Amino acid sequence: MTIETKTASWARISGLPAWHRIGSLAPLLLLLLVWWAVCYRGWFPPELLVPPQQVADAFRELLDSGELADHLRASLHRLVFGVAIGALSGLVFGVAMALSRRIEIYAAPLFHVVRQVPSIALIPVLILIFGIGETFKILIVVKAAFFPVALAGYTAVQGLPKSYFDVASIYRLPPLALFGKIILPATIPPVVTGIRIALGRSWGTLVAAELLAAESGIGQMMELGRQMFRIDVVMVGVVIAGAIGFALDRSLKLVEARLVRWQPIGQR
Amino acid sequence: MSDATQSPMISTQHLAKSTQYLAQSVQPIAIQPTAFQILRQRLANRLRGLLLPALLIGIWQYLSTLGPNYAYAFIPLQDIARGLRELIASGELLLHIVASLKTALTGLAIGAAAGLFLGSAMAFSRVVDFFFGPLYHVLRQIPTLGLIPLIALWFGNTEFSKILVVSLATFEVMTLSAYEGLRSAEVKYVEVGRVLTFNRVQLLRRVLLPSAVPSITTGLMHAVAFSWLATVGVELLFTVGPGLSVIMERAQIALRMDTVIICIAFIGLLGLVMNQCCVLLSRRVLRWRNTR
């Protein structure tokens, strides 16, 4: 679940001077210290809370056995594959819907109805139709990625000033050039934002789908850890799920920042 | 000289062309559609929008007649209707809808209140911001539903765990929107407040809160959407107690496609209703703003 905000969450921190940035680590270290102290004093039974070093050990163990790499590969493969299909078809669909009034008339109502249904809610029906294989997991990622990108593409093209199209028609720009020279450059930044949202949502949905039914993946690793009361494994999974979500969001934000460089600051 | 000889020919050509253009450009004005025509056009467009869903339902219905292998996944419409009647008649549907809404709203209330509290505390106090800001941003990176195994280990398969996850989902949104809303007050307004020697309460009431309202309202709308999303997720993953997604998950295990379809329809419908309520509410709350 990602939230759309005006200011980047870490930009606030990273914009501060270096000593302050290091200072923001202090509360995290404090939390780690409290966690360790609580475990050390034995206030919680070990099956409920394990000390940080045991989580680190579990991490190393999973890393050395190659288990973690396998799970990561499975999850990321589904994510990349699903998002690629979903985002690409979403972009084509969104732009088509914005350019053609006819497509909008025929397809928009269905689009907006299906958009309302949370991706997670479709897990049972997809399992019933496609079984607990790879297909249903990739399809759920496709669904989660399709709609944000389609919506971003649609609103981006709709938001293009009509004068751009007027100029294009005065110059008798062929449709391909219209697409390459006008529509694409003007819509890429909002579409990248859409892809960033899509990645965040897809990741959350995929982890949930893996928790529910999977034979590999980060979600399945956590679920297995839960069933075997390996809280250290579960915690490794939580940290990794967070780290991947953060890395995806951060890298797309960098792309966004690069793409809007040419715009005056006020219009960004 | 050549100009003079050619000019009559050109002008007749031009005249013909320009009358043609004139006729073209005048035409749309001449057949300005009447109100009735606009209404008919809109109705036709509405019906065209129904074409695609109808087609999909038709394909679904056709697939269900292809044999028992298909019929178990693509349940015929009459079976879905019968299932719906049964669920309504037994009062089961209402029970589960109420239970799901209760989970969502309880989580929303707790999460939004906590988020508003932490967000405004972070906005007003540097110390709170310093200590809780980084922790909050680290927690925020974790997909909320990814926390379920951990919460299941700590608190078990209980109603409390469900509400906790939903609260966390809404808490994340509200904290950020409260924080950014209260921080977004324009400096010049704050300075005007200073000039008028506002005290802290006055500054909060007259300057900071009004400028934070749009952000908080948007945050609340997101929070409502997330609370419903998280409710669906926790009910699928905890499968405990009553709830719309709980019976959906059980129906999936029992291979009852009809119940699954009905549940999805109601999940979508309720999400839509909540969203519409929020839009109306935000319009009412924000009606003082002069938007373009």
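We did not get these values from a lab; they are worked out from the coordinates using the rules stated. Just so it is clear, the structure is predicted and the values come from calculations on it, not from any experiment. All Cβ positions, glycine included, derive from the backbone under ideal geometry; neighbour counts span all protein chains shown.
Considering only A:T205, A:T193, A:T135, the Gaussian network model of chain A with Cα springs below 10 Å gives its largest mean-square fluctuation to A:T135. Seen from every direction in turn and averaged, the convex hull around the alpha carbons of chain A projects onto 18.4 nm². Would you list the P(r) distribution for the protein assembly as shown, with all Cα-Cα distances sorted into 10 Å bins from 0 and each bin expressed as a whole %? Computed distribution, short to long bins: 3, 14, 23, 24, 17, 10, 4, 2, 1, 0, 0, 0. Neighbours of A:S65, meaning other residues whose beta-carbon lies under 15 angstrom from its beta-carbon, give a summed charge of -3 when Lys and Arg score +1 and Asp and Glu score -1. Dimensions of the range A:105-254 along the principal axes, based on C-alpha atoms and rounded to the nearest Å, stand at 69, 36, 22, largest first. Estimated from helical segments only, the mean residue ellipticity of chain B at 222 nm is -28000 deg cm²/dmol, where each DSSP H run of four or more residues counts as -39500 (n - 2.57).
Over what distance in Å are the Cα centres of the range A:177-242 and the range B:137-151 separated? Here the answer is 12 Å between Cα centres. Computed from label points 7 Å out along Cα-Cβ, the spacing between A:R60 and A:E215 is 3.3 nm.
Neighbour counts of C-beta atoms inside 10 Å place A:K253, B:K188, A:K137, A:K143 in the sequence B:K188, A:K253, A:K143, A:K137, starting with the fewest.
Modelled spin-label separation between A:V255 and B:L47, with each label point placed 7 Å from Cα along the Cα-to-Cβ direction: 4.4 nm.
For a 30 Å ceiling on Cα separation, which of these pairs sit above it: A:K137/A:K162; A:K137/B:K162; A:K137/A:K253? Where the Cα-Cα span goes over 30 Å, the pairs concerned are A:K137/A:K162. Mean projected area of the convex hull spanned by the Cα atoms of chain B, taken over all viewing directions: 31.6 nm².
Computed about its Cα centre, the charge dipole of the range A:124-227 is approximately 400 debye, with only Lys, Arg, Asp and Glu carrying charge at their Cβ. Across peptide B:170-183, the average count of Cβ atoms from other chains found within 10 Å of a residue's Cβ is 2. Can you give me the Rg/Rh ratio for the range A:88-147, using Cα atoms for both radii and the Kirkwood formula for Rh? My calculation puts Rg/Rh at 1.05.
Largest GNM mean-square fluctuation among B:I38, B:I253, B:I264, using chain B with Cα springs under 10 Å: B:I38.
Near B:A251, once Lys and Arg are set to +1 and Asp and Glu to -1 for all other residues with Cβ below 14 Å from its Cβ, the sum equals -4. Going from the fewest other Cβ atoms within 10 Å to the most, the residues A:W36, B:W60, A:W203 appear in the order A:W36, B:W60, A:W203.
Mean residue ellipticity at 222 nm, helices only, chain A: -24500 deg cm²/dmol; runs of at least 4 DSSP H residues each add -39,500 (n - 2.57), and the sum is divided by the number of residues. Modelled spin labels at A:L48 and B:L94, positioned 7 Å past Cα toward Cβ, are 4.1 nm from each other. Take each residue in A:207-215, count the other chain C-beta atoms within 10 Å of its C-beta, and the mean is 4. Each Lys and Arg Cβ is given +1 and each Asp and Glu Cβ -1; about its Cα centre, the range B:78-285 then shows a dipole of about 740 debye.
Between A:T155 and A:F81, residue separation times 0.36 nm minus the direct Cα-Cα distance comes to 24.1 nm. For the range B:103-213, a crude dipole built from +1 on the beta carbon of Lys and Arg and -1 on the beta carbon of Asp and Glu, taken about the Cα centre, is about 360 debye to the nearest 20.
Cβ-to-Cβ counts within 10 Å put B:T158, B:T144, B:T217 in ascending order as B:T158, B:T217, B:T144, the fewest first.
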